[in-house]
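Some notes on the structure that comes next.
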Amino acid sequence: MLQAMLSKDREFDGVFYNAVKTTGIFCKPSCSANPRPDNVIFYLHREDAEKNGFRACKRCKP
């Protein structure tokens, strides 16, 4: 998951989401945001990220 996020691989969009602890947002793996890997938590479902207090970033809103 980390490698897909770092390479901005669109093939993983919808497979998992990366949430950034320091900003409170979550993104698709292909998002142009560049979070520090040590600040990232991965979720398999966007609903799980939302339940844990994260919101979609402006670029990744449905």
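The values are calculated or read from the model by the stated rules, or taken from the named source; none is laboratory data. This structure is a prediction, so every number in the text was calculated from the model and none was measured. Positions of Cβ are backbone-derived with ideal geometry, glycine not excepted, and every protein chain shown enters the neighbour counts. Remember, those area values only see protein heavy atoms, side chains included, never the ligands or the DNA or RNA. Shrake-Rupley method; radii C 1.70, N 1.55, O 1.52, S 1.80 Å.
For region 33-45, what are the residues that are buried (at least 16 other Cβ atoms within 10 Å of the Cβ) and either in contact with a His (Cβ under 9 Å, 6 or more places away or on another chain) or modelled with pLDDT under 95 (or both)? Listed by number, the residues that qualify are 33, 35.
Tell me the residue from 7, 30 that is open to solvent by less than 50 Å² (accessible area, probe 1.4 Å) and free of Cβ contacts under 8 Å to residues at least 24 places away in the same chain, please.
Unique residue meeting the criteria: 30.
Cβ separations smaller than 7 Å between residues 6+ apart or across chains give no pair from region 43-61 residues that are in contact (Cβ under 8 Å) with a residue 60 or more places away in the chain to residues that are in a helix (DSSP H, G or I). Could you please find all residues in region 10-27 being in contact with a Pro (Cβ under 8 Å, 6 or more places away or on another chain), exposed (fewer than 15 other Cβ atoms within 10 Å of the Cβ) and over 16 Å from residue 53 (Cα atoms)? Those that are in contact with a Pro (Cβ under 8 Å, 6 or more places away or on another chain), exposed (fewer than 15 other Cβ atoms within 10 Å of the Cβ) and over 16 Å from residue 53 (Cα atoms): 10, 15. Restricting attention to region 1-50, the residues being under 11 Å from the mean Cα position of the chain (by Cα), assigned to a loop (DSSP other than H, G, I, E, B) and closer than 15 Å to residue 61 by Cβ number 7.
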